[in-house]
Amino acid sequence: MDKDAQCNAAAEQYYQPLYRYCLLQLGGDLSAADDCVQETFLRMLEKKDTLDFTGNIRSWLYSTAYRVIKEYRLRNRREMELCPGDLDVETVSAEQDTASAEEAAKLLSALSDEEYRLLEAYYDSEHGSKAAVAKEYGMTMAQLYKRVQTLRLRLLRRQPAVDEAEKQQSDCSNRQKFKRGR
C-alpha cells in the first residue's frame, strides 16, 4: 500500500475518535476542534514519507493532536483569558460596541502611559514574542504575567456596578478592542 493510501486509511479510521478527543480537550468548541483535527491530519500528510504506518500511527496522531491543541490554546490564550464564558462576542450590537469603546477609553485613561504601553505590547504580541516584551521591560516572564494580571484586576475594580451579564459582555468587548481613544 502506498503512503497516500495509508494516510487515507488512517484518516478514515481515526478522524472521529480524534475529533472527539479534540472536542473534549477544547471544552466543546466545535470550530476549534475541527481546526485542530485538520491541522493534525495536515501534519500527517506533510510527514507521510517519514512515518511508519505499520507501527502505532494512532499514538503519533494523538500526540500530534495534543501538540496542535497546545499551540492553538497558546495562540488564542488572550481571547480565552479575557472572555472565558462568552461564546460569541460578535453578537454584540453596534451601539454596545460604541459604548464599550468609550468605557474602555475611560478605564484605560487611569493607566500611566508606561502601563498602557506594557499592556498593549503584551496583548498585541504572539506567544513567542511575549519573552521579547518581558526583556524590553526588564522583567522575567513571571514578573510580566504578574504585572499584567495586577493591571487587569485594577481595571476590573474601576468598572461601575452593572448587572452581571452586561458586565461580562462589556469586559470582554473592552479588552478585546484594547485601543485607547484620547
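Scanning the range 1-50 for residues that are touching a helix residue (DSSP H, G or I) at 6+ places or on another chain (Cβ under 7 Å) and in contact (Cβ under 8 Å) with a residue 40 or more places away in the chain yields Cys7, Ala10, Tyr14, Leu18, Tyr21, Cys22, Gln25, Leu26, Ala32, Lys48, Asp49. For the range 114-134, how many residues are under 24 Å from Glu71 (Cβ atoms) and exposed (fewer than 13 other Cβ atoms within 10 Å of the Cβ)? The number of residues fulfilling the criteria is 4. Do we find a residue being β-branched (Val, Ile, Thr) and either in contact with a Pro (Cβ under 7 Å, 6 or more places away or on another chain) or at pLDDT 75 or above (or both) anywhere in the range 51-61? Yes: the range 51-61 contains one or more residues that are β-branched (Val, Ile, Thr) and either in contact with a Pro (Cβ under 7 Å, 6 or more places away or on another chain) or at pLDDT 75 or above (or both). Of all residues in the range 3-52 being among the aliphatic types (A, V, I, L, M) and assigned to a loop (DSSP other than H, G, I, E, B), which is nearest to Glu71 (Cα to Cα)? Taking the candidates together, the pick is Leu26. In the range 110-168, of all residues being closer than 17 Å to Leu74 by Cβ and outside any helix (DSSP H, G or I), the one that is modelled with the highest pLDDT corresponds to Ser125. Taking the range 53-72 as the range and being surrounded by 13 or more Cβ atoms within 10 Å (Cβ to Cβ), more than 18 Å from the chain's Cα centre (by Cα) and part of a helix (DSSP H, G or I) as the test, the residues that pass are Ile57, Arg58, Trp60, Leu61, Tyr62, Thr64.
The values are calculated or read from the model by the stated rules, or taken from the named source; none is laboratory data. Since we're looking at a predicted model, the values are computed, not measured. Neighbour counts are summed over all protein chains in view; Cβ atoms, including those assigned to glycine, are modelled from backbone coordinates with ideal geometry.
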